[in-house]
Amino acid sequence: MLRNGTGWCEMRLQTTIEIFDYWNRIRGTADAPLKSQVEPSAVPHLLQSLFILEMREGRDIGFRLAGTRICDLFGRDLRGERFSSLWAHGQHMDIERTAMGVMDHAMPALFNATGYSTVGHQASFEIIMMPLRSQDGACDRLLGAITPAAAASWLEIVPLEFLALDRSRLLPTRFGKAASVEMRPINKIAAGKSARFGQVMRRMVSHLLSAEAR
């Protein structure tokens with residue numbers, strides 16, 4: 001587990017811990033960092049496991065970018081794909097509301113999920129989503145990571161068909177530190193409406209694209 005401030009965040013995987021720690025460092029005492037504060041060169045070893053989500057004009061949440069390791073898990077390039085399409089039928093609305101809630105409440109979220117392949121394999125995953133702000137103050141992008149809980153040789157050969165949500169919770173923040181409050185299931189938190197959108201995070205996108213091209 002990772003201890004942040006006065007509270008325990010139930011993160012168990014190194015990738016999740018490192019990217020959340022980085023997000024916390026760059027935001028300082030703000031509830032979310034500016035997109036311009038993200039420096040890909042600070043976390044080059046994590047880039048393959050990171051993704052960027054955005055809310056699109058149709059108010060669905062889509063992949064702005066996905067690292068090569070994530071695309072390999074699902075056997076396809078996820079850029080432009082709807083985030084909820086990775087999840088089991090019946091969970092699409094909850095996943096969309098969760099992503100919107102992270103933006104609207106400027107509060108990161110942690111998921112535990114099980115991934116299923118087309119031939120019946122199963123694997124556990126830890127997924128984190130963290131809000132990013134534009135210069136105008138709107139939270140309009142999400143920075144996240146998808147990480148398998150344990151190495152499995154089949155993950156490099158057989159693509160996942162879908163993820164099934166096992167547990168989700170917000171990671172409340174207060175005064176620049178993680179608050180020592182009880183985690184709440186995200187699907188009990190109503191997502192508000194986002195009205196404004198910022199500019200593309202150019203530096204991160206270009207860096208990830210060049211990394212994926214290699």
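The values are calculated or read from the model by the stated rules, or taken from the named source; none is laboratory data. None of the values given here were measured: they were computed from a predicted structure. Reconstructed Cβ throughout: ideal geometry from the backbone, glycine too, with neighbour counts over all protein chains shown. With ligands, DNA and RNA removed, areas are computed over all heavy atoms of the protein, side chains included. Shrake-Rupley method; radii C 1.70, N 1.55, O 1.52, S 1.80 Å.
Only one of Leu86, Leu110, Leu46 is touching a Lys or Arg at 6+ places or on another chain (Cβ under 8 Å) and under 20 Å from Pro148 (Cα atoms). Can you tell me which? Even if it seems obvious, please write down each step before you answer.
Values: Leu86 fails: touching a Lys or Arg at 6+ places or on another chain (Cβ under 8 Å); Leu46 fails: touching a Lys or Arg at 6+ places or on another chain (Cβ under 8 Å).
Of the residues listed, the single one that is touching a Lys or Arg at 6+ places or on another chain (Cβ under 8 Å) and under 20 Å from Pro148 (Cα atoms) is Leu110.
With the checklist (1) within 15 Å of the chain's Cα centre (by Cα); (2) touching a residue at least 24 places away in the same chain (Cβ under 8 Å) in hand, flag the one item Glu39 doesn't pass.
(1)
Looking at the range 2-16, can you tell me whether even one residue there is surrounded by 16 or more Cβ atoms within 10 Å (Cβ to Cβ), in contact (Cβ under 8 Å) with a residue 12 or more places away in the chain and part of a helix (DSSP H, G or I)? Write out each step before concluding.
Initially, the range 2-16 is screened for residues surrounded by 16 or more Cβ atoms within 10 Å (Cβ to Cβ), giving 2, 4, 7, 9, 11, 13, 15-16.
When the remaining residues are screened for being in contact (Cβ under 8 Å) with a residue 12 or more places away in the chain, the result is 2, 4, 7, 9, 11, 13, 15-16.
If we keep only those that are part of a helix (DSSP H, G or I) as well, we get 15-16.
Within the range 2-16 (the criterion being surrounded by 16 or more Cβ atoms within 10 Å (Cβ to Cβ), in contact (Cβ under 8 Å) with a residue 12 or more places away in the chain and part of a helix (DSSP H, G or I)), the answer is yes, since at least one residue qualifies.
Can you work out which of the residues in the range 146-173 that are charged (D, E, K, R) and open to solvent by 20 Å² or more (accessible area, probe 1.4 Å) is farthest from the chain's Cα centre (by Cα)?
From the range 146-173, those charged (D, E, K, R) are 156, 161, 166-167, 169; that's our starting set.
Those still in the list that are open to solvent by 20 Å² or more (accessible area, probe 1.4 Å) too: 156, 161, 166-167.
Values: Glu156: 21, Glu161: 19, Asp166: 16, Arg167: 14 Å.
It comes out as Glu156.
Results for (1) within 17 Å of Arg64 (Cβ to Cβ); (2) modelled with pLDDT of 95 or more; (3) of a type in the set (Gly, Ala, Ser), shown as yes or no for each residue.
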{"site": "Met103", "(1), (2), (3)": "yes, no, no"}
{"site": "Tyr116", "(1), (2), (3)": "no, yes, no"}
{"site": "Ser134", "(1), (2), (3)": "yes, no, yes"}
{"site": "Leu142", "(1), (2), (3)": "yes, yes, no"}
{"site": "Ala151", "(1), (2), (3)": "no, no, yes"}
{"site": "Trp154", "(1), (2), (3)": "no, no, no"}
{"site": "Leu163", "(1), (2), (3)": "no, yes, no"}
{"site": "Pro172", "(1), (2), (3)": "no, no, no"}
